[in-house]
Amino acid sequence: MIPREILKKIRQIEIRTNRLVTETLSGQYHSVFKGQGMNFDEVREYQPGDEVRSIDWNVTARMNHPFVKKFVEERELTVILLVDLSGSGLFGSGAQSKRELAAEIASVLAFSAIRNNDKVGLVLYTDGIEKFIPPRKGRRHVLRVIREILFFEPRRHGTNLRQALDFLRRVTAHRAVAVILSDFIAFGGTAEPAPGESIPLDTQAALRQANRRHDLVAVHLTDRYEMALPALGRLILKDAETGEVVEVNTGDERTRRQFADRQSRFRADVEKVFRSLRIDSIPLRTDQPYAAALGRFFETREKRRRHG
């Protein structure tokens, strides 16, 4: 039996995301994520403006005037959420941790999917695959997905995105919408990054391959204190993934400036790699509302699809 406080938290997320999905994003979701192809629907009489290439010459010959084939998009999609459960996801300087934000964004996307009769699956990963929930439809299934993201206890604390993408390739035979929810602080992998880059080369290769096969989207989660240190004097900080402990004098302005510059360069580099691989990314922060950022993502995609 699921404890009452867990059910309450899941229900709160459902309520918070339901209005956004109902009023705004569900229709946009339908328009920006393509189906797996086009299915033949019917034959109808030719009308001025129809593509000549769509004429059905066999029917036209029998009926003595032109008919065209009509196709409709094969709409049903599979959405796979790849959620990074490494130790750094538990950090949050305000009311919400990065992992809680990931659960909320996953809720928005999953409820948008099932409203469009699509399936939703889940891959939880650290530096190994922690859990896989095969794609299914329905509200109860989505609530289970949210529960696992929030409360699953991973066995490991590191990160290996390449392994998660390799696992996606093995378990997903057809094209899917694959959404990575991560802070992208660490990547794992065995190949060093190229000079001036942060993402290891083997991880970049895995991202490129996954994006060719699927519609890959990166949701980049961060916290304000990962961008700029607060002036709190000397602090003992522990890396949640490696366990490394360091002492930092956050009262020193030069230290804070160097930290902010380094973090800014890192984020800019990650976004640059995503752009070079033609992977759409959505940068989100735990201390800022996410509705506008999601809306901009859908609007940009919709414009690109209309003009593409």
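In the elastic network of the chain, a GNM with C-alpha springs shorter than 10 Å, the most mobile of Asp56, Asp252, Asp127 is Asp56. This structure gives P(r) over Cα pairs in 10 Å bins from 0, in percent, computed directly, and of (i) 7, 25, 24, 17, 12, 8, 5, 2, 0; (ii) 6, 24, 31, 21, 10, 5, 2, 1, 0; (iii) 6, 25, 32, 19, 7, 4, 3, 2, 1, 0 that value is listed as (ii). By the count of neighbouring beta-carbon atoms within 10 Å, fewest first, Tyr290, Tyr46 end up ordered Tyr46, Tyr290. Taking 13 Å as the straight-line reach from the Cα of Lys131, the aspartates and glutamates in range (excluding those fewer than 8 positions away in the same chain) are Asp84, Glu148, Glu153. Taking other Cβ atoms within 10 Å as a rough exposure proxy, Glu51, Glu104, Glu302 sort from fewest to most as Glu51, Glu302, Glu104. A Förster radius of 51 Å, combined with the Cβ-Cβ distance separating Lys131 from Thr300, puts the computed FRET efficiency at roughly 0.95. Around the Cα centre of the chain, unit charges on the Cβ atoms of Lys, Arg, Asp and Glu (plus for the first two, minus for the last two) sum to a dipole of about 660 debye. When the Gaussian network model of the chain links Cα atoms closer than 10 Å, the mean-square fluctuations of Pro283, Pro230, Pro134 top out at Pro230. Take every pair of alpha-carbon atoms less than 8 Å apart whose residues are at least six positions apart; their mean separation over the length of segment 42-155 yields a relative contact order of 23 percent. When Tyr225, Tyr125 are sorted by how many other C-beta atoms sit within 10 angstrom of their C-beta, beginning with the fewest, the order is Tyr225, Tyr125.
Which number comes out as Rg/Rh for segment 51-128 once both Rg and the Kirkwood Rh are worked out on C-alpha atoms?
1.42
Based on C-alpha pairs under 8 angstrom that are at least 6 apart in sequence, the chain has a relative contact order of 17 percent.
Out of all DSSP beta bridges with both ends in the chain, state the antiparallel percent to the nearest 5. Here the share of antiparallel DSSP bridges comes out near 45 percent. Given the options Gly243, Gly92, Gly128, which has the most mean-square fluctuation in a GNM of the chain, springs set between C-alpha atoms less than 10 angstrom apart? Highest fluctuation of the listed residues: Gly243. Beta bridges from DSSP with both residues in segment 66-168: antiparallel share about 40 percent, rounded to the nearest 5.
No value in this document is a laboratory result; all are computed from the given coordinates. Keep in mind that this is a model prediction, so the values were computed, not measured. Quick reminder, even Gly has a Cβ in these numbers, built from the backbone with ideal geometry, and neighbours come from all protein chains shown.
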